[in-house]
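Participant: Quick one: this structure, given as C-alpha cells, is what I'll be asking you about.
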Amino acid sequence: MKTPRLFLSPPHMGGREQEFVRQAFESNYIAPLGPMVDAFEREFSAATGIPHCLALSSGTAATHLALRHMGIRPGDVVMASTLTFIGSVTPVTFEGAVPVFIDCDEASWNMDPALLEQAIEAAVRRGQLPRAVIPTDLYGQPCDLPGILAVCDRHGIPVICDSAEAVGARCQGRHAGSGAWAAVFSFNGNKIITTSGGGMLASHDGALIDHARKLSQQARDPAPWYEHTEIGFNYRMSNILAAIGRGQLEVLEDRIRRRREIFEGYRQRLGDLPGISFMPEAAGCRSNRWLTVALIDPAAFGADTHAVREALEAENIEARPVWKPMHLQPVFRGRDFWKGREAVSERLFAQGICLPSGTAMADGDLDRVCQIIRRLAKR
Ligand SMILES: *Cc1c(COP(=O)(O)O)cnc(C)c1O
C-alpha cells in the first residue's frame, strides 16, 4: 500500500469547530454576517490586541478594501515586498495602481527598510510619493515594522502589513501587523489556522474598518431600501466559516508551539549537513514558523533544491520552492525593483525549499523526510 501523501501544510482542526458550526446551524444563520462572525472578530481582536477587526472572504479582499478606502487611483505607486505571494499585490493592480518591488534583507528575509528608504527618497526627488507600502511577514516572520514605519511616517505614507502568514507571530511583545495602519490576515486552507477560506482586516483606525465593512457589503447606505452612493464588493465572511475560525483560534497557541517544534526538529536532524541552513529568526521576534524553510547551497550540499524536491515527491511528500519573487513574474515585467549589491530574494528563491510543516505530522514523518534529504547529501 502506498503511504498517504505528506502535504506541505494541510488543515488541522482543533476539535471544537464542529460544535461552533452546529450552533450556527441551530441558529439558522447560514449567511454572511451573524453572531459567529461578530464573535470571531471580537476574539481575533482580543488575540492580536488590534482593536478593530473585519472578517472577510479572503486576505486578498482585506488588502483590496484597505487600498480602496484610502482612495488609491490608477497610476498611483505602491511599494511592496518582492518576496511574497502574489495575493499580496494583486489588489494594487485591481485599482490600476502600479507596484514597485523592494528586496528583502538577510536577517529576516523581509522588506529591507534601508532599500525602502532609498526607493522613497528617489520617489520624493521625482515628485511621486508611493500612496502606500505593503511589507509581507514572510512564512510567519514579522517584518521590521518599526524600521518601515520610521521611513513611512516621515512622509505620511500608510503601511498595510501583509501578515497573511503570520497569525500569532509577535515582535517585541506586539502581534504581527500591530502598529501598521492596517494589517491583513489569511485563513486560507494551508495557513496556520484556517476557515477553509477567509481573511481579516485589522486596524487601530476605526474609520477604516467601518468604511471597509460597508464596502464589503455592496456599499449599502443606511436606508430601509437599497441605497448606494458608492460602489462596493461582496467580500464578507460567512457565518459558518467564522464558526470554524472560532474553533481554530482556540488552538492557535498549540499550533504555533508545534510549528516551532517541527522547525527545531528539522534543524536538529539536518543542521549538521554541509550546505544546509534555515530561515533565521529576527531578534526580539517570535515567528509562528508557519513553514520550515531550508536553504540548500548546491556546491556544499551536493544536490540542489530541485533534486531535493523531486526526491521527496518520489516518496509522495510535498515540498515547494520559496515564493518566486514578484519582480521575476512575467505579469510584472518592467516594474521597478530595488535591491542592494545582490538580489537577496533571487538567491532565496534559487536555494530555498519549504518542507512539510503541518502540525498534525508525526515525528516519524519528520524522520522520513530528513532521511530522504540526508541520502542526497555529499559525504
Ligand atoms: C495567503 C496569502 C495571501 C492571500 O490570502 P488569501 O486569503 O488566500 O487571499 C496574501 N499574502 C500572503 C503573503 C499570503 O501567504
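The values are calculated or read from the model by the stated rules, or taken from the named source; none is laboratory data. Fair warning: this is a prediction, and the values are worked out from it, not measured in the lab. Quick reminder, even Gly has a Cβ in these numbers, built from the backbone with ideal geometry, and neighbours come from all protein chains shown. Surface accessibility is based on the protein's heavy atoms, side chains included, excluding ligands, DNA and RNA. Shrake-Rupley method; radii C 1.70, N 1.55, O 1.52, S 1.80 Å.
Participant: Can you say whether Lys324 is within 30 Å of Gln118 (Cα to Cα), touching a helix residue (DSSP H, G or I) at 6+ places or on another chain (Cβ under 6 Å) and not assigned by TED's automatic domain parsing to the domain that holds Ala107, as far as the supplied structure shows?
Facilitator: Against the criterion (within 30 Å of Gln118 (Cα to Cα), touching a helix residue (DSSP H, G or I) at 6+ places or on another chain (Cβ under 6 Å) and not assigned by TED's automatic domain parsing to the domain that holds Ala107), Lys324 qualifies.
Participant: With without any contact (Cβ under 8 Å) to a residue 24 or more places away in the chain, more than 9 Å from the ligand (Cβ to nearest atom) and more than 26 Å from Val251 (Cβ to Cβ) as the only criterion, which of Asp144, Asp153 stands out?
Facilitator: Sole residue among the options that is without any contact (Cβ under 8 Å) to a residue 24 or more places away in the chain, more than 9 Å from the ligand (Cβ to nearest atom) and more than 26 Å from Val251 (Cβ to Cβ): Asp153.
Participant: Of all residues in region 66-78, which are touching a strand residue (DSSP E or B) at 6+ places or on another chain (Cβ under 6 Å) and within 15 Å of the ligand (Cβ to nearest atom)?
Facilitator: If the condition is that a residue be touching a strand residue (DSSP E or B) at 6+ places or on another chain (Cβ under 6 Å) and within 15 Å of the ligand (Cβ to nearest atom), then Ala66, Val78 are the ones that fit.
Participant: Would you mind finding the one in Gly364, Gly302 that is on the phi > 0 side of the Ramachandran plot, of a type outside the set (Asp, Glu) and out of contact with any strand residue (DSSP E or B) (no Cβ under 8 Å at 6 or more places or on another chain)? Even if it seems obvious, please write down each step before you answer.
Facilitator: Working: Gly364 fails: on the phi > 0 side of the Ramachandran plot.
When all the criteria are applied, what remains is Gly302.
Participant: Could you go through region 335-344 and let me know if any residue there is more than 16 Å from the ligand (Cβ to nearest atom), without any contact (Cβ under 8 Å) to a residue 12 or more places away in the chain and not assigned by TED's automatic domain parsing to the domain that holds Gly173.
Facilitator: Our first condition is that a residue be more than 16 Å from the ligand (Cβ to nearest atom); within region 335-344, this holds for 335-344.
From the residues that got through so far, the ones that are without any contact (Cβ under 8 Å) to a residue 12 or more places away in the chain too are 341-342.
Those still in the list that are not assigned by TED's automatic domain parsing to the domain that holds Gly173 too: 341-342.
Taking every residue of region 335-344 in turn, at least one turns out to be more than 16 Å from the ligand (Cβ to nearest atom), without any contact (Cβ under 8 Å) to a residue 12 or more places away in the chain and not assigned by TED's automatic domain parsing to the domain that holds Gly173.
Participant: Taking the conditions exactly as written (aliphatic (A, V, I, L, M), open to solvent by less than 10 Å² (accessible area, probe 1.4 Å) and in contact with a Ser or Thr (Cβ under 7 Å, 6 or more places away or on another chain)), does Ile193 satisfy them or not?
Facilitator: Judged against the criteria, Ile193 is not a match.
Participant: Based on what the data block shows, is Ala46 open to solvent by 10 Å² or more (accessible area, probe 1.4 Å) and either of a type in the set (Lys, Arg) or free of Cβ contacts under 8 Å to residues at least 24 places away in the same chain (or both)?
Facilitator: yes
Participant: Can you pull out every residue in region 351-371 that is buried (at least 17 other Cβ atoms within 10 Å of the Cβ) and of a type in the set (A, V, I, L, M, F, W, C)?
Facilitator: Those that are buried (at least 17 other Cβ atoms within 10 Å of the Cβ) and of a type in the set (A, V, I, L, M, F, W, C): Ile353, Cys354, Leu355, Met361, Leu366, Val369, Cys370.
Participant: All but one of (1) out of contact with any helix residue (DSSP H, G or I) (no Cβ under 9 Å at 6 or more places or on another chain); (2) surrounded by fewer than 23 Cβ atoms within 10 Å (Cβ to Cβ) hold for Tyr139; which doesn't?
Facilitator: With respect to (1) out of contact with any helix residue (DSSP H, G or I) (no Cβ under 9 Å at 6 or more places or on another chain); (2) surrounded by fewer than 23 Cβ atoms within 10 Å (Cβ to Cβ), Tyr139 is out only on (2).
Participant: Can you spot a residue in region 81-104 that is crowded, with 24+ Cβ neighbours inside 10 Å, among the aromatic types (Phe, Trp, Tyr) and more than 17 Å from Ala212 (Cβ to Cβ)?
Facilitator: Scanning region 81-104 turns up at least one residue that is crowded, with 24+ Cβ neighbours inside 10 Å, among the aromatic types (Phe, Trp, Tyr) and more than 17 Å from Ala212 (Cβ to Cβ).
Participant: Would you be able to tell me the number of residues in region 166-176 that are surrounded by 22 or more Cβ atoms within 10 Å (Cβ to Cβ), under 16 Å from Leu249 (Cβ atoms) and of a type outside the set (A, V, I, L, M)?
Facilitator: 1
Participant: Then there is this: Please count how many residues of region 171-204 are closer than 13 Å to Pro146 by Cα and either within 11 Å of the chain's Cα centre (by Cα) or within 11 Å of the ligand (Cβ to nearest atom) (or both).
Facilitator: 2
Participant: Something else: Could you grab me the full set of residues in region 263-303 that are among the charged types (D, E, K, R) and free of Cβ contacts under 8 Å to residues at least 12 places away in the same chain?
Facilitator: Within region 263-303, Glu264, Arg267, Asp272 meet the criteria.
Participant: Another question, if that's okay. Quick one: is Asp112 at negative phi, within 16 Å of the ligand (Cβ to nearest atom) and acidic (Asp, Glu)?
Facilitator: So Asp112 fails the test.
Participant: Could you check Val92 against (1) within 16 Å of the ligand (Cβ to nearest atom); (2) in contact (Cβ under 8 Å) with a residue 60 or more places away in the chain; (3) in contact with a Leu (Cβ under 8 Å, 6 or more places away or on another chain) and say which number it fails?
Facilitator: (2)
Participant: Here's a follow-up. How many residues, within region 225-284, are touching a Phe, Trp or Tyr at 6+ places or on another chain (Cβ under 7 Å) and among the basic types (Lys, Arg)?
Facilitator: Final tally of qualifying residues: 3.
Participant: Name the pairs: first residue in region 63-86 and closer than 10 Å to Ile160 by Cβ, second residue charged (D, E, K, R) and open to solvent by 10 Å² or more (accessible area, probe 1.4 Å), Cβ to Cβ under 7 Å, at least 6 apart or on different chains?
Facilitator: From region 63-86, the pairs are Thr63/Asp162; Leu67/Glu95; Met70/Arg131; Val78/Arg131.
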